[in-house]
Structure formats: structure tokens, C-alpha cells
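Here the structure is laid out as C-alpha cells; the discussion comes afterwards.
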Amino acid sequence: MPVKWERVAANLHKAGWSLGWVSALDLEGRTIWIVDAHGYGKRFVVRADEKLTAFVELLILLALSRANGTPNRRFSDHLPLLFKPEIEKELQV
């Protein structure tokens, strides 16, 4: 079953996160998606070219932040951790 952004959003909401998303045009006229989640005293914001990509990156960022125990909220800072086995169960959609 393919992952849909609605499913990711519903699971994050069930986990207690407040979500917001918007599309916008960048300086080159391309559509970008901005998704944010806040809760538990933290806020995370992700920007991507596609809505589903933004939601999946947000899900990964939240899981990595929790697993790594760091307040760092930049997706790129967590990329080296993506393939840790203990992260895999956090990414179940």
C-alpha cells in the first residue's frame, strides 16, 4: 500500500503533533511545500518540492530527533543516522 501524505499527517496528529502545511512559489516560480509540526515544546519545519516528500522528511526528522536525543531540527544534520537499525521501527507509517 503506497504511503500518502494524509496517512502520515493522521499518524503524526494521533501522536500529539499539531501540523500545518502550505504551498508557495520559490523565486524561480517552482511550487514548494512547507510542512511544520509543533508539540512537546519543539517545532520542526521542512521544505520540499512535493507534499508527500515534505511529510515523509518531517516524519524522519521527528523520529531521528527522538532517537538521537538531540534538539537539532535540520533534516540534513540527521542524514548520517538514517540507516541505524533502531531508527527503522520509528519510521513505520
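Sum up the charges of everything whose Cβ sits under 13 Å from the Cβ of residue 32, counting Lys and Arg as +1 and Asp and Glu as -1, but leave residue 32 out.
Charge balance near residue 32 sits at -2.
Annotation: the residues 27, 64, 58, sorted from fewest to most other C-beta atoms within 10 Å of their own C-beta, follow the order 27, 64, 58.
Descending by average beta-carbon neighbour count within 10 Å, the peptides 7-19, 43-55 line up as 43-55, 7-19, the highest first.
Bear in mind that the values in this text are calculations on the coordinates, not laboratory data. From a predicted model like this one, the values you see are computed outputs, not experimental measurements. Ideal geometry is used to build each Cβ from the backbone, glycine not excepted, and the neighbour counts take in all protein chains shown.
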